[in-house]
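A quick write-up on the structure given underneath.
The values are calculated or read from the model by the stated rules, or taken from the named source; none is laboratory data. Nothing here was measured: the structure is a model prediction, and the numbers come from that model. Positions of Cβ are generated from backbone atoms using ideal geometry, with glycine treated the same way; all protein chains shown enter the neighbour counts.
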């Protein structure tokens, strides 16, 4: 194609898709989820005459469990669906024989007349599209400012496929579409990483502007603290890899019940974990949060029992855990240096549970609660005694929960 004809084609394509580009720039803050973005984008491509029947987006992710996300739009259904791909999927055959790999590894495009036997043999997706009646397939890269490469594909069932103007029109929309997609993904990634590293509630507060040192709020909460017994000795006797695996298994046992019962994990501190069950100041709310925290502790210890059974079958030594629970008013917010902050809770009850946990050493189950929590809960407790705890004024009453009756458990 001559330079003059190519310039004319580009100008015609730009004019054709200008309404789409304008919409993208004007509505970028109102689109919401990436699936909405893809749906609206495809609808507008059809409105300007592109014979589009199917589109996908493939997005690498910064996420502890998901390596990439895929979005699929079909004209027949009118909407987009999202699929997450877990770490490890890339070693599987479907990824290695996918056009996505070509784009991720720097390819300029993948373009196929779906009837091509050679393309159908190279890429299973082309065989699937051929079976479903598609005629042409085009996959292009979308580069983000970070350097990350994403992939977008278009497919049509029209026999003529995508003509030169159609392809130029698609290319003309991608700079604006990519910019909006990057904004959408930056917000999603920030939220995901904050949820992962500081907790869902804390992450939400940070995104909403709680970023100044000392900024926070007073809340009522049940404070939940656990510690792994004998970890220092254990870590000196084993290689690093099994120690890390042990910690991960232990934290899985602790964290899952806490989150399942509405708690928020604030931090992991070596072999200890701090969590809260925030609540209103009413007696009923404290009672509900207290009972949930105790139930989470019992389920966590049941998980440890199962973990120890498996460890003993493997010839590894069992682990021991202590859990302490208290209730009170805490400051929930930022502390730290001017440019390195931690979002956490501070208050007398936090100090108290960290000391009470040491009393669980010889208990079965190893759960200790404060006197105020015992008063808040519907559960029955056995008093352990009064104790002078380091850094805590006066003697403190410590208790442990009795096994739940069927009526209490309900």
query: Got at least one residue in segment 123-130 being assigned by TED's automatic domain parsing to the domain that holds residue 22, modelled with pLDDT of 90 or more, buried (at least 21 other Cβ atoms within 10 Å of the Cβ) and closer than 30 Å to residue 189 by Cα?
result: yes
query: When only residues in segment 336-349 that are over 27 Å from the mean Cα position of the chain (by Cα) and under 14 Å from residue 222 (Cα atoms) count, which is surrounded by the fewest Cβ atoms within 10 Å (Cβ to Cβ)?
result: 348
query: Which condition breaks for residue 302 when tested against (1) free of Cβ contacts under 8 Å to residues at least 12 places away in the same chain; (2) touching a strand residue (DSSP E or B) at 6+ places or on another chain (Cβ under 7 Å)?
result: (2)
Residue satisfying condition, being under 17 Å from residue 225 (Cα atoms) and buried (at least 22 other Cβ atoms within 10 Å of the Cβ), within set 363, 356: 356
- prompt: Checking residue 168 against (1) under 21 Å from residue 9 (Cα atoms); (2) modelled with pLDDT under 95; (3) touching a strand residue (DSSP E or B) at 6+ places or on another chain (Cβ under 9 Å); (4) surrounded by 13 or more Cβ atoms within 10 Å (Cβ to Cβ), which single condition isn't satisfied?
  reply: (3)
message: For segment 246-273: of the residues being assigned to a helix (DSSP H, G or I) and touching a helix residue (DSSP H, G or I) at 6+ places or on another chain (Cβ under 6 Å), which is surrounded by the most Cβ atoms within 10 Å (Cβ to Cβ)?
response: 254
- prompt: Residues of segment 387-405 being over 37 Å from the mean Cα position of the chain (by Cα) and outside any strand (DSSP E or B), which ones?
  reply: 389, 390, 391, 392, 393, 394
message: Going through 223, 180, 243 one at a time, which residue ends up being surrounded by 14 or more Cβ atoms within 10 Å (Cβ to Cβ) and touching a strand residue (DSSP E or B) at 6+ places or on another chain (Cβ under 6 Å)?
response: 223
- prompt: Would you say residue 21 is modelled with pLDDT under 90 and either within 26 Å of residue 161 (Cα to Cα) or in a strand (DSSP E or B) (or both)?
  reply: no
field: Residue under evaluation residue 406, criteria (1) closer than 13 Å to residue 355 by Cβ; (2) modelled with pLDDT under 90, criterion not met
entry: (1)
